[in-house]
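*Asks:* Just passing along the structure, written as structure tokens.
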Amino acid sequence: MASNALSRLANLHRHFHITKNSTKGSGNENQNVGTIKISQDVTTALANGKAVVALESTIISHGMPYPQNLETAKEVEAIVKEKGAVPATIAILEGIPCIGLNGEELERLAKLGTSARKISRRDIAHVVATRGSGGTTVSTTMIFASMVGISIFVTGGIGGVHKHGESTMDISSDLTELGRTPITVVSAGVKSILDIPRTLEYLETQGVSVVAYGTDDFPAFFSEKSGCKAPCQLDTPEECARLIEVNRKLDLKSGILIAIPIPKEHSVSGNIIESAIQTALREASDKGITGSAETPYLLSRVNELTGGASLEHCTCEEQCWSWCSDCCCPCADPRPFVIIIKVQEWDQDLDWQLGALNIVMFLSLDNLFTYLHNGLSKFK
């Protein structure tokens, strides 16, 4: 436990170091570089061991038009709150990673729409450095959630290995992030437009624990079944909470994927979906749509070709958000999980300017005395 707390402080030092002279001679353009803004609700919940559910924001910026995206974002947060958990929608706004958005921030991102950046791990430094704004993908949401101690994140569907990925090498960074970030992602499975068998193989290579909830057939986003056998099956939120707890206590340093199938009444026939996917893939190829633009195009086109499958997709996501809150609450630590330390002033003995950064540091209570004894000197 002590090593975990100390490594988190070291991680903050590594990522958010600013020299004493970094803001001199250039105005204030660099003063907030490296700041992470955590909402009061999320801060209080983490400090008191309450359940917190991370939410991605590309569904707001790139998933649907305004004002539907704003309404959906508010509905999602309401579902999480009804279950007794605290929602933490994550985005980057004007160069500042935000953990938990207020109403004004949600609306600002919703109005930006597709003019906002779609931010994956590779884009974080550039967006922050240029004071950009954007929605966080699954991988980026995982990074920031894990950084501040949020252990569960819910989304509609994760990325994966694209069709013909063996030749294009188009593989979502979501999979790599799951292999190196200890967080639980709850979703309706892998997006149907992707190569699900190869995606499951890649997740195995990354050491990710993959669970199908209440079924042995891995879900496929729009469809309750993909035809691929799930690596393992769990049937209750308590079983899933136990898995999450064990993964954390063993410090395996890899994530967990829990896939919840869409209700049968909202499931789209596999044949219908596959036909629509093949049509959309051909059209994308003809139009030269590749890279990060491909997935949004394919999802939108498949929705059109299936006569509005996006409605079922939203229903599926609502189920994931509701279930995730049920699972998250048993995982919450009944005693305060973290202590929050705000350094407000420059300390001449330190080699890094915490005061200018206004970083909020998290430290488990078990290691408070170790931290106070050793101080920050070892992180210089």
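The values are calculated or read from the model by the stated rules, or taken from the named source; none is laboratory data. From a predicted model like this one, the values you see are computed outputs, not experimental measurements. Don't worry about glycine lacking a Cβ; one is built from the backbone with ideal geometry, like all the others, and counts go over all protein chains shown.
*Asks:* Inspect the stretch 175-196 for any residue being of a type in the set (Asp, Glu), in a loop (DSSP other than H, G, I, E, B), in contact (Cβ under 8 Å) with a residue 12 or more places away in the chain and surrounded by fewer than 19 Cβ atoms within 10 Å (Cβ to Cβ) and give the result as yes or no. Give the derivation first.
*Replies:* The first filter runs over the stretch 175-196 and keeps only residues of a type in the set (Asp, Glu), leaving 177, 195.
Next, from what is left, pick out any that are in a loop (DSSP other than H, G, I, E, B): 195.
Right, trim to in contact (Cβ under 8 Å) with a residue 12 or more places away in the chain and you get 195.
Checking the rest, the ones that are also surrounded by fewer than 19 Cβ atoms within 10 Å (Cβ to Cβ) come to none.
There is no residue in the stretch 175-196 that is of a type in the set (Asp, Glu), in a loop (DSSP other than H, G, I, E, B), in contact (Cβ under 8 Å) with a residue 12 or more places away in the chain and surrounded by fewer than 19 Cβ atoms within 10 Å (Cβ to Cβ).
*Asks:* A follow-up question, please. Could you go through the stretch 51-58 and let me know if any residue there is at pLDDT 90 or above, in a loop (DSSP other than H, G, I, E, B) and crowded, with 18+ Cβ neighbours inside 10 Å.
*Replies:* Yes, some residue in the stretch 51-58 is at pLDDT 90 or above, in a loop (DSSP other than H, G, I, E, B) and crowded, with 18+ Cβ neighbours inside 10 Å.
*Asks:* Using beta carbons and a limit of 8 Å, which pairs, at least six apart or on different chains, have the first residue in the stretch 218-231 and at positive phi and the second one assigned to a loop (DSSP other than H, G, I, E, B)?
*Replies:* 221/156; 221/157; 221/188; 221/191; 221/192; 221/262
*Asks:* Still on this structure: Hey, any hits in the stretch 63-72 for a residue that's at pLDDT 90 or above and under 15 Å from the mean Cα position of the chain (by Cα)?
*Replies:* Looking through the stretch 63-72, none of the residues is at pLDDT 90 or above and under 15 Å from the mean Cα position of the chain (by Cα).
*Asks:* Are any residues in the stretch 201-210 surrounded by 22 or more Cβ atoms within 10 Å (Cβ to Cβ) and either in contact with a Lys or Arg (Cβ under 9 Å, 6 or more places away or on another chain) or farther than 23 Å from residue 144 by Cα (or both), and if so, which ones?
*Replies:* Residues satisfying the conditions do not exist here.
*Asks:* Now for a different question. Is it the case that residue 156 is crowded, with 19+ Cβ neighbours inside 10 Å and part of a strand (DSSP E or B)? Working first, answer last.
*Replies:* Working: crowded, with 19+ Cβ neighbours inside 10 Å: yes; part of a strand (DSSP E or B): no.
So residue 156 does not fit the description; no.
Rundown of residues vs (1) closer than 27 Å to residue 252 by Cα; (2) under 11 Å from the mean Cα position of the chain (by Cα), yes/no style:
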{"residue": "61", "(1), (2)": "no, no"}
{"residue": "81", "(1), (2)": "no, no"}
{"residue": "89", "(1), (2)": "yes, yes"}
{"residue": "129", "(1), (2)": "no, no"}
{"residue": "139", "(1), (2)": "yes, yes"}
{"residue": "142", "(1), (2)": "yes, yes"}
{"residue": "160", "(1), (2)": "yes, no"}
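*Asks:* Hey, can you tell me all the residues within the stretch 81-110 that are of a type in the set (Lys, Arg) and either touching a His at 6+ places or on another chain (Cβ under 7 Å) or at pLDDT 95 or above (or both)?
*Replies:* First, the residues of the stretch 81-110 that are of a type in the set (Lys, Arg): 81, 83, 108.
Result: 108, single match.
Per-residue answers, yes or no, for (1) within 24 Å of residue 67 (Cα to Cα); (2) in a strand (DSSP E or B); (3) without any contact (Cβ under 8 Å) to a residue 60 or more places away in the chain:
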| residue | (1), (2), (3) |
| --- | --- |
| 90 | yes, yes, yes |
| 107 | yes, no, yes |
| 127 | no, no, yes |
| 135 | yes, yes, no |
| 200 | no, no, yes |
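*Asks:* Another question about this same structure. Kindly establish whether residue 222 is aromatic (Phe, Trp, Tyr), touching a strand residue (DSSP E or B) at 6+ places or on another chain (Cβ under 6 Å) and crowded, with 19+ Cβ neighbours inside 10 Å.
*Replies:* Numbers: aromatic (Phe, Trp, Tyr): yes; touching a strand residue (DSSP E or B) at 6+ places or on another chain (Cβ under 6 Å): no; crowded, with 19+ Cβ neighbours inside 10 Å: yes.
So residue 222 fails the test.
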